[in-house]
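Written below as structure tokens is the structure these notes are about.
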Amino acid sequence: DSGVTQTPKHLITATGQRVTLRCSPRSGDLSVYWYQQSLDQGLQFLIQYYNGEERAKGNILERFSAQQFPDLHSELNLSSLELGDSALYFCASSLLSAGELFFGEGSRLTVL
Amino acid sequence: AQSVTQLGSHVSVSEGALVLLRCNYSSSVPPYLFWYVQYPNQGLQLLLKYTTGATLVKGINGFEAEFKKSETSFHLTKPSAHMSDAAEYFCAVSANSGYSTLTFGKGTMLLVSP
């Protein structure tokens, strides 16, 4: 158990819809990262937050957004969903950047 | 910018044989290097990491990796494969600065046969 909690574990929705994925980092970790894992693209970094502020942005689509709340949990919002958004979305946390990341078990999104 | 190339999307070994998973990196600054393992339906778990100091790094489950700057490589090895080692392995790189994200390779699936 990494200590990182992601909900929901599985989500099935339709094209055009909007979903929210939630992540609770390990106790004490200030950084939260979101990654997308798909068969064709591998693990793609989406976005990082550190203590409530956006720290780095990767290959995140404009239809996607995220935030980190004062209690350090984070949410990833995916809107106007397309079939190609079907993937496993991982949240990871760390105390500091450039160190060991602790990954949650992921949220598997299926868009039909 | 950093990038990682993992040679071979699949590697097959027999139980008891040497495991060698290859990773080459590109980084404009001194890198931090990592190997993660992903078992089916689970998140990624850190196997080992290189930051500074000794270039031969030992990790969990008998794995080790050697940082070779001249070859820009960080290959993962284990002397004797076990059936439980079957999983997907990811090499990752970050810049050795205070705030740097991890860039992952595409992963290598290790298959272990009896």
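The values are calculated or read from the model by the stated rules, or taken from the named source; none is laboratory data. Owing to the predicted nature of the structure, the values given are computational and were not obtained by experimental measurement. Here the Cβ positions follow ideal geometry from the backbone for every residue, glycine too, while neighbour counts run over all protein chains shown. All accessible areas refer to the heavy atoms of the entire protein, side chains included, with ligands and DNA or RNA removed. Shrake-Rupley method; radii C 1.70, N 1.55, O 1.52, S 1.80 Å.
Annotations for the structure displayed:
- Projecting the Cα atoms of A:Q37, A:I12, A:S27 onto the charge dipole of the range A:1-64 (Cβ charges, centred on the Cα centre) puts A:I12 farthest toward the positive pole.
- The mean number of partner chain beta-carbon atoms within 10 angstrom of a residue's beta-carbon across peptide B:43-50 is 5.
- Evaluated with a Cβ-only charge set (Lys, Arg +1; Asp, Glu -1), the range A:46-102 carries a dipole of roughly 100 debye about its Cα centre, given to the nearest 20.
- Normalised by residue count, chain B yields a Cα convex hull volume of 97 Å³ per residue.
- Carbon plus sulfur fraction of accessible area for the protein assembly as shown, probe 1.4 Å, in percent: 51 percent
- Proportion of all alpha-carbon pairs of the protein assembly as shown beyond 24 Å (%): 44 percent
- In the A-B interface, the accessible area buried, summed over both sides, Å² (probe 1.4 Å): 1600 Å²
- Using C-alpha pairs under 8 Å with a sequence gap of at least 6, the mean separation divided by the residue count of chain A gives a relative contact order of 38 percent.
- Charge dipole of chain A (Cα centre as origin; +1 on each Lys and Arg Cβ, -1 on each Asp and Glu Cβ, all else neutral): 160 debye, rounded to the nearest 20.
- Within 10 Å of the Cβ of each residue in A:39-45, the mean number of Cβ atoms contributed by other protein chains is 4.
- Given charges at beta-carbon only (K, R positive; D, E negative), |dipole| of the protein assembly as shown in Debye: 200 debye
- Rolling a 1.4 Å probe over the protein heavy atoms gives the protein assembly as shown an accessible area of 47 Å² per residue.
- For the range A:15-109, radius of gyration divided by Kirkwood radius, i.e. Rg to Rh on alpha-carbons: 0.95
- Taking every residue in A:47-58 and counting other chain Cβ atoms within 10 Å of its Cβ, the average works out to 1.
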